[in-house]
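> Quick one: this structure, given as structure tokens, is what I'll be asking you about.
The values are calculated or read from the model by the stated rules, or taken from the named source; none is laboratory data. Quick caveat, the model's predicted, so the values are computed rather than measured. Every residue, glycine as well, gets a Cβ built from its backbone with ideal geometry; the counts of neighbours run over all protein chains shown. In case anyone asks, the SASA skips ligands and DNA or RNA and just uses the protein heavy atoms, side chains included. Shrake-Rupley method; radii C 1.70, N 1.55, O 1.52, S 1.80 Å.
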Amino acid sequence: GKKIADEKFRAVLQGPRPTRPLERVECDHTILDLFVIDPMMMLPIGRAYLTWMMCVFTKMVLGFYISFNPPSYLTVMECLKHAIRSKTYLRKKFPIIRNDWNPYGIPEMLVVDNAREFHGRNLEDACHQLGIVLQFSQKGKPWLRPTIERSFRTLATQLLHQLPGTTFSNIFDRA
């Protein structure tokens with residue numbers, strides 16, 4: 001049908017290209033392809049949800065939030081708080097880490113999909129108070145937010161699928 005033909009053969013157009021850091025930040029959630037196991041009981045706890053924000057200009061993760069709770073206003077706000085704050089605590093808490101994680105600040109525009117957690121007065125009010133323009137992408141068109149969508153795929157294939165407990169992305173990868 002038309003949908004599959006468009007996905008397979010459509011011309012890829014260049015999306016919005018920001019000219020500076022924090023001009024366009026994309027936010028989304030994913031359920032991780034990994035079962036978390038309780039180390040004491042050796043029983044599966046479940047699969048965690050990851051919410052993160054990426055700067056389109058720098059392609060750097062600004063902030064994240066991992067939880068067993070499904071995506072909600074709370075997960076979005078915790079991720080936004082982490083994105084805005086400096087990450088200097090990492091050096092003190094984990095001295096083995098050699099590199100700094102420098103990106104932080106208030107985004108100019110936050111681009112999200114049309115999931116329920118992004119709609120509502122609370123997120124709109126928070127963005128308005130911080131001076132953030134909240135932009136919703138078109139329904140059913142994840143290619144309009146390519147930076148974050150690709151980052152989830154990279155995270156899964158280059159990290160999570162190498163770890164014990166991975167569920168892979170589909171049943172054919174599991175063998």
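> Name, by its number, the condition in (1) surrounded by fewer than 15 Cβ atoms within 10 Å (Cβ to Cβ); (2) in contact (Cβ under 8 Å) with a residue 24 or more places away in the chain; (3) within 21 Å of ASP125 (Cα to Cα) that does not hold for ARG20.
Exception for ARG20: condition (3).
> Here's another thing I want to ask about it. Pairs under 7 Å by beta carbon, first residue closer than 17 Å to ASN122 by Cβ in region 62-84, partner acidic (Asp, Glu) and open to solvent by 40 Å² or more (accessible area, probe 1.4 Å), six or more apart or different chains?
That search, which allows pairs on different chains as well, returns TYR65/GLU78.
> Of all residues in region 87-146 being in contact with a Lys or Arg (Cβ under 8 Å, 6 or more places away or on another chain) and among the hydroxyl-bearing types (Ser, Thr, Tyr), which is most open to solvent (accessible area, probe 1.4 Å)?
Selected residue: TYR104.
> Can I ask one more? Residue check: is ILE84 open to solvent by 60 Å² or more (accessible area, probe 1.4 Å) and aliphatic (A, V, I, L, M)?
no
> Looking at THR51, THR75, can you tell me which residue is among the hydroxyl-bearing types (Ser, Thr, Tyr), open to solvent by less than 60 Å² (accessible area, probe 1.4 Å) and closer than 18 Å to ARG24 by Cβ?
None of the others qualify; the one that does is THR51.
> Taking only region 54-69 into account, find how many residues are in contact with a Phe, Trp or Tyr (Cβ under 8 Å, 6 or more places away or on another chain) and open to solvent by 30 Å² or more (accessible area, probe 1.4 Å).
6
> Go through (1) touching a Phe, Trp or Tyr at 6+ places or on another chain (Cβ under 7 Å); (2) assigned to a strand (DSSP E or B); (3) not aromatic (Phe, Trp, Tyr) for LEU110 and report which single condition fails.
(1)
> Moving on to the next point. Please state which one of LEU34, LEU74 is in contact with a Gly (Cβ under 9 Å, 6 or more places away or on another chain) and farther than 15 Å from GLU149 by Cα.
Being in contact with a Gly (Cβ under 9 Å, 6 or more places away or on another chain) and farther than 15 Å from GLU149 by Cα holds for just one of LEU34, LEU74, which is LEU34.
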